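Here the structure is laid out as structure tokens; the discussion comes afterwards.
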Amino acid sequence: MNKRVKFICHAALIAALYVVLTYLAAVMGISSGVVQVRFSEALCILPYFTAAAVPGVTVGCLLANILTGSAALDIVFGTLATLIGAVLARILRKNKWLVPLPSIISNMAIIPPVLIIAYGAEEAYPFLLLTVGIGEVISIYGLGMVLLFALEKRRIF
């Protein structure tokens, strides 16, 4: 199979999984707000395995935010946080324990102001920083590292 076609197919599959997992968390009421745990954020470890994960999680985040009714600022800046995290995760792929950090840090830096401006969250910035960080740690270090080790063990990539 042509490498470019394979890359696009992997990216599209990852994007679709991101959307489905975000929608599942949205149905459960835990994908957005001050405290958010998105199952889809576990996919942010995939740049460890493939460069196709960078556009995959980015496009997936964009589509998921649009389809779940996020505010325009959240669509733009949430997607930007995911892109930054994915690019840096790919760069740090030589150390699997560092791979989740860029996504956690970029979301902690970008999402709290979005929650305040776009959604009128009245909580103090440090509290939002903490709650977003906790959600990301649960999603990426908790679920994501389980996924990373499972994929690594099965040699899927």
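Odds and ends about this structure:
- Dipole magnitude of the chain about its Cα centre (Cβ charges: Lys, Arg +1; Asp, Glu -1), debye to nearest 20: 1020 debye
- Farthest towards the positive end of the charge dipole of the chain, among the residues Val57, Val132, Ile105, is the Cα of Val57, using unit charges on the Cβ of Lys, Arg, Asp and Glu.
- Using a simple spin-label model with pseudo-atoms 7 Å out from Cα toward Cβ, Met28 and Leu98 lie 3.1 nm apart.
- Net charge of the neighbourhood of Ile66, taken over other residues with C-beta under 15 Å away and scored Lys/Arg +1, Asp/Glu -1, is 0.
- Net charge over other residues, Cβ less than 13 angstrom from the Cβ of Leu21 (K, R count +1; D, E count -1): 0
- Kyte-Doolittle mean at least -0.5, axial Cα span of 18 Å or more - DSSP H helices of the chain: 3-27, 53-67, 72-91, 101-119
- Classified by the C-alpha gyration tensor, the chain has a prolate form. Its axis ratio a/c, with a ≥ b ≥ c, is 1.5 or above, and a/b is larger than b/c.
- Among the trypsin sites (Lys or Arg not before Pro) in region 1-91, none is located in a DSSP loop while being surrounded by at most 15 other Cβ atoms within 10 Å of its own Cβ.
Values in this text are rule-based calculations from the coordinates and carry no lab data. The structure displayed is predicted, hence computed values, not measured ones. Please note: Cβ atoms are built from the backbone with ideal geometry, for glycine as well, and neighbour counts cover all protein chains shown.
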